[in-house]
1. Take segment 56-102 and flag every residue that is farther than 30 Å from Lys295 by Cα, surrounded by 13 or more Cβ atoms within 10 Å (Cβ to Cβ) and among the charged types (D, E, K, R).
2. Right, Phe44: out of contact with any helix residue (DSSP H, G or I) (no Cβ under 7 Å at 6 or more places or on another chain), outside any loop (DSSP other than H, G, I, E, B) and surrounded by 16 or more Cβ atoms within 10 Å (Cβ to Cβ) or not?
3. Only one of (1) in a helix (DSSP H, G or I); (2) of a type in the set (A, V, I, L, M, F, W, C); (3) under 22 Å from Glu420 (Cα atoms) fails for Met472. Which number is that?
4. If I ask for residues that are in a strand (DSSP E or B), at pLDDT below 95 and surrounded by fewer than 24 Cβ atoms within 10 Å (Cβ to Cβ), which ones from segment 489-518 would you list?
5. Starting from residues that are among the polar types (S, T, N, Q), under 21 Å from Pro631 (Cβ atoms) and more than 60 Å from the chain's Cα centre (by Cα), keep the ones in segment 660-685 and report whichever is surrounded by the most Cβ atoms within 10 Å (Cβ to Cβ).
6. With Pro347, Pro395 as the choices, which residue is touching a residue at least 24 places away in the same chain (Cβ under 8 Å), more than 25 Å from Ala534 (Cβ to Cβ) and surrounded by fewer than 19 Cβ atoms within 10 Å (Cβ to Cβ)?
7. Considering each residue of segment 537-586, count those that are hydroxyl-bearing (Ser, Thr, Tyr), out of contact with any strand residue (DSSP E or B) (no Cβ under 7 Å at 6 or more places or on another chain) and assigned to a loop (DSSP other than H, G, I, E, B), and give that number.
8. Which of (1) in a strand (DSSP E or B); (2) surrounded by fewer than 15 Cβ atoms within 10 Å (Cβ to Cβ); (3) aromatic (Phe, Trp, Tyr) does Tyr26 not meet, given it meets every other one?
Amino acid sequence: MSNKPESKKMVLTVGGKTVEVETGKYAKQATSSVTVRCGDTMLFVHAVVSKEPRVGIDFFPLLIDYEERMSAIGKIPGGYTRTEGRSSEKAILVSRLIDRPIRPLWPKGYRNDVQIVSQLFAYDEQEQPDILSIIGASTALMLSGAPFEGPVGAVRVGRIDGNFIANPTHSEDLKSDMNIVIAGTMDSVIMVEAGCNFVSEDDIMAAVEFAQVEIRKQCEAQIAFAKECNVERQEFSNPYDTTELANIIKETAYDAVVDAYHTTDRDQRSEKLDKIKETVKEKIEALGEDHPIAKMMEETGIDFVAEEFKALEKKIMRAMIKNEGVRADGRTTTEVRPIWCEVGVLPGVHGSAVFTRGQTQILSVATLAGPGMAQELDGVDPVKTKDYMHKYIFPGFSVGEVKPLRGPGRREVGHGNLAERANVPALPSKEEFPYAIRVTSDVLESNGSTSMGSTCASSMALMDAGVPVKCMIGGVAMGLIHEEDTDIVLTDIQGIEDFLGDMDFKVTGNEEGITALQMDMKIKGISNPTLRRALAQAKEGRLHIMNCMKEVISAPRAEISPNAPRLLTMTISQEDIGTVIGPGGKMIRSIIDATGAEIDIQDDGKVTITSNDKEGAELAKKMIRDLTFKPEVGMVCKGKVVRIIPIGAFVELAPGKDGMVHISQICEERIETIEPHLSIGQEVIVKVQKIDDKGRVNLTIKGLSEEEKSKFNA
């Protein structure tokens, strides 16, 4: 008798592909669990929701983890331990991708621990798992009974030959001019993440509208599936009534906070707000320990005073923008903060730039190296190497905090990846510029939108290094104030507008189009008309920023930096690769030791020689050419006379490869002896006349045209 549990299945069609979501078979001690399959890509997605709220915290404790297993593609992990180590950059980005549309959809005051774990157990390297993870996470939450205000649907949109594709495969992605992930609810967009090849704002909106059709289908299916599984969603109301506290704070501090927010200097405003907070705390403390407000804070460990003071700040800041059209720093809604830039900041490096916008300042440094320094990616993704690398560094001192310097967190990885994707479409092709490129962006000062500052500084650093980029890339962060039926879009948001606003929408590109997008909502979505307006306003801001950048550097340097290594390229036949490498790498190591050059050999026979010493690079190229030299009939080349016999002279064409010039082929006239005309060690230009069936090479000196000689000498 089988004890196999009964399962229920939801079947979706996304872009003509079947997606199966099943529950009831696995991980039954989790609050809810689903499997998601498309093609031969399959994930297990689990949700755990604690029964009681966590005490003493003032935030919603949502934790989302995405895990890859190398067994999913039939491989054992590399490294000494042969086990999966820390999450790959791709896994971190997928975790963020799941988190961002889920996080806004919870009621205020909900503090139960919620965890989503998405595990990739099978991967066909075509059907991409990130979108499936979002669908699985939303479905698992819908089945958990938690007060999740979803569902959420998600679609990746590509475009090939002008036609949109929903959830393209990896191979289709390579042909697409956009890779845009849209997540949303039944009626609005919550998240956009995109990398594009200079597409227009209208193209982005068309992709969003295309995706929304698929998203609505997914949301409807999840609602029906939860009903089929007899799930009753928990009703939640905030158990803590802070109305009295909010009224006390308003009576005590309203006018003073209004005055503070009309102080355009940030430091002075912060100083005023700190004093106002102290006054409010004194007023609350004067109520006594037996007052309900004091008891509520003691029982919960939550600083409700700070929460409600923040709520008052938020209300006043937003009212200023709505009613006066003025922001906290005195700008209008479309105004960009003052900008100054410089390039060539650091001596000895390949390229450097500083981009300063308001109180956000980034130092970017570009470094060039041979293709052998490309990053190797040890993960399940089909992309295994990366030639352009961007590292984003956000230290505590940039915001005036004491903070230990550690490895990058999820935020840093996400910001760095956005600035990286922004500049990739502007890079030259590998054929044109075979260097590996790394840019580091150090945040020196932060007050909002450091990722866009990194985008701008990176573009200028690349140009300063002499990388022949196609164009300059700029970026701007947009915000939103949503009040009742009014949507106000803000250009170039600062920290407080991100913190107290409703949207963080970053757009990068040039005059012609968009290269990257990242949109996160703090509320339950954005309407299409508002999104369209934000894109148009972002273009105006981006062009203004780029004009400021162009005052410092408007085109790449004519030559790459004199501090950068030089590359020489050549091609050898595939059958000669083993000859150049030698037994156990002996031959290539000897060339490297003799010349000091780095040598990279591709499977197709392309050889790249990297060296700071031009003579060393030329010597390495000659040594490889000599090793792989194969004479052909009609070839003209220079050689050295190494031996003379009565009937002719032997000429070394390459080490170990000789040919003979017969006495009759030395001069136009008949000669009796060779020595008056040739001597040992003499260099001569010869032409291959014949190669017999034993591989012996017959050469001639006579009969070479001046054109042949001049071409060879050139």
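1. Within segment 56-102, Asp65, Glu67, Glu68, Arg69, Glu84, Glu89, Lys90, Arg96, Asp99, Arg100 qualify.
2. yes
3. (1)
4. Residue satisfying the conditions is Asp504 alone.
5. Within segment 660-685, the match that is surrounded by the most Cβ atoms within 10 Å (Cβ to Cβ) is Gln665.
6. The match here is Pro395.
7. Total meeting the criteria: 2.
8. Looking at each condition in turn, Tyr26 falls short on (1).
The values are calculated or read from the model by the stated rules, or taken from the named source; none is laboratory data. Keep in mind it's a predicted model, so treat the numbers as computed, not measured. With ideal geometry, Cβ positions are generated from the backbone for all residues, glycine too; neighbour counts draw on all protein chains shown.
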